[in-house]
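The values are calculated or read from the model by the stated rules, or taken from the named source; none is laboratory data. Note that this is a predicted model, so its numbers are computed, not measured. Every residue, glycine as well, gets a Cβ built from its backbone with ideal geometry; the counts of neighbours run over all protein chains shown. These area figures cover heavy atoms from the full protein model, side chains too; ligands, DNA and RNA do not enter into them. Shrake-Rupley method; radii C 1.70, N 1.55, O 1.52, S 1.80 Å.
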Amino acid sequence: MNDILNKSIVLVLDRNWQAINIRTPADAFCQMATNVATALEIEFGNGARAEALRPVTWDEWITLPIRDGDQAVHTVRGQIRVPTVIVSVNFARVPKKRPKLSARTIRERDGNRCQYTGKLLRADEGSLDHILPRSRGGKDEWENLVWSDKAVNARKGNRLPHEAGLKLLSVPRAPKELPVSALIRNAHGIAEWKLFLND
């Protein structure tokens, strides 16, 4: 079986051509074969500009030639090109989602600033601080985590901010939900995705 079938390398658009998800080629082929989605054939001219973009049904897709740079799967009928973008023909609403809670998203929410001193920090100068320490029942949640200077965080230790002589500059909150298209990243650097993503 071809490894490529199970890699998340197919961008899914809603019927208004807004990015809503990432799927595997296996999922994409199933959606195309059942007429739930069409693939986009995207032709690039000289340079990185798309010259042609057209939706293609499954029956036509399986007859398309494999171009240089295309990924393909081998079947008993021959090779089939792996789509990079599909359009979900019945889906019109872009779902919203909150970013995943992580050190990176806390750092981004807090603008790379220590929430006790206001100092702008490089990624390696800061760390996550639990306002209510875990040892005292503090949880890993948006409202209890802030980005802090490592030295300040070490000085605070297992104390509450006021016990360590510190004061938060702002009240931490969960970020607003965003359209999922804002959260999709083109980690594989797929050229066709750049037409539909802002990153």
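Criterion first (outside any helix (DSSP H, G or I), within 13 Å of the chain's Cα centre (by Cα) and farther than 30 Å from Gly69 by Cβ) does Pro172 satisfy it? Spelling it out, it is not the case that Pro172 is outside any helix (DSSP H, G or I), within 13 Å of the chain's Cα centre (by Cα) and farther than 30 Å from Gly69 by Cβ. Of everything listed in (1) assigned to a loop (DSSP other than H, G, I, E, B); (2) open to solvent by 100 Å² or more (accessible area, probe 1.4 Å); (3) under 19 Å from Glu141 (Cβ atoms); (4) not aliphatic (A, V, I, L, M), the single unmet condition for Pro99 is (2). Of the residues making up region 170-185, those that are in contact (Cβ under 8 Å) with a residue 60 or more places away in the chain and either surrounded by 11 or more Cβ atoms within 10 Å (Cβ to Cβ) or over 20 Å from Arg107 (Cα atoms) (or both) are Pro172, Ala174, Pro175, Glu177, Leu178, Pro179, Val180, Ser181, Leu183, Ile184. Of the residues making up region 3-38, those that are within 17 Å of Asn186 (Cβ to Cβ), of a type outside the set (Ser, Thr, Tyr) and either open to solvent by less than 30 Å² (accessible area, probe 1.4 Å) or assigned to a helix (DSSP H, G or I) (or both) are Ile9, Val10, Leu11, Val12, Leu13, Ala19, Ile20, Pro25, Ala28.
Scanning region 64-96 for residues that are part of a strand (DSSP E or B), touching a residue at least 24 places away in the same chain (Cβ under 8 Å) and open to solvent by 80 Å² or more (accessible area, probe 1.4 Å) yields His74, Lys96. Leu128 passes every criterion in (1) among the hydrophobic types (A, V, I, L, M, F, W, C); (2) open to solvent by 30 Å² or more (accessible area, probe 1.4 Å); (3) in a loop (DSSP other than H, G, I, E, B); (4) touching a helix residue (DSSP H, G or I) at 6+ places or on another chain (Cβ under 8 Å) apart from (3). In region 139-155, the residue that is nearest to Arg122 (Cα to Cα) out of those that are among the basic types (Lys, Arg) and assigned to a helix (DSSP H, G or I) is Lys150. Regarding Gly165, is this residue open to solvent by 40 Å² or more (accessible area, probe 1.4 Å), within 30 Å of Asp70 (Cα to Cα) and free of Cβ contacts under 8 Å to residues at least 24 places away in the same chain? Spelling it out, it is not the case that Gly165 is open to solvent by 40 Å² or more (accessible area, probe 1.4 Å), within 30 Å of Asp70 (Cα to Cα) and free of Cβ contacts under 8 Å to residues at least 24 places away in the same chain.
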